[in-house]
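Each remark here refers to the structure printed beneath this line.
The values are calculated or read from the model by the stated rules, or taken from the named source; none is laboratory data. As the structure is a prediction and not an experimental result, all values here were calculated from the model. FYI the Cβ positions are ideal-geometry reconstructions off the backbone, even for glycines, and counts take in every protein chain you see.
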Amino acid sequence: MSVLTCPVCLATHEEAARVGIVAICGACGSTLVVSPSGTIRRANAADIDHLMPGDRALLTKARSALARPERSR
């Protein structure tokens with residue numbers, strides 16, 4: 001996992017999960033796209049649609065653990 005600065009919450013935090021270029025902000029849970037050049041932007045539906053169902057589930061689980069940390073155990 002790497003540290004990133006989220007364009008949504010502006011926090012610098014370790015990502016909660018990453019699948020390819022799609023990452024989940026470890027601070028706010030936003031879905032982000034990290035380009036090979038290091039540019040970070042908020043993901044849109046087209047960025048997520050090409051992912052395998054298992055990869056989408058992994059991102060959803062990471063986002064859910066941030067929203068409800070007591071349930072992630």
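This table checks each residue for (1) in contact with a Leu (Cβ under 8 Å, 6 or more places away or on another chain); (2) among the aliphatic types (A, V, I, L, M).
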site: Cys6; (1), (2): yes, no
site: Leu10; (1), (2): no, yes
site: Val22; (1), (2): yes, yes
site: Val33; (1), (2): no, yes
site: Asp47; (1), (2): no, no
site: Gly54; (1), (2): no, no
site: Ala67; (1), (2): no, yes
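Yes/no matrix, rows are residues, columns are (1) surrounded by fewer than 18 Cβ atoms within 10 Å (Cβ to Cβ); (2) modelled with pLDDT of 95 or more:
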position	(1), (2)
Met1	yes, no
Cys6	no, yes
Val22	no, yes
Cys28	yes, no
Thr31	no, yes
Pro36	yes, no
Asn44	yes, yes
His50	yes, no
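You will find that of Ala17, Ala11, Ala27, the residue that is over 12 Å from the mean Cα position of the chain (by Cα) and of a type in the set (Gly, Ala, Ser) is Ala11 and no other.
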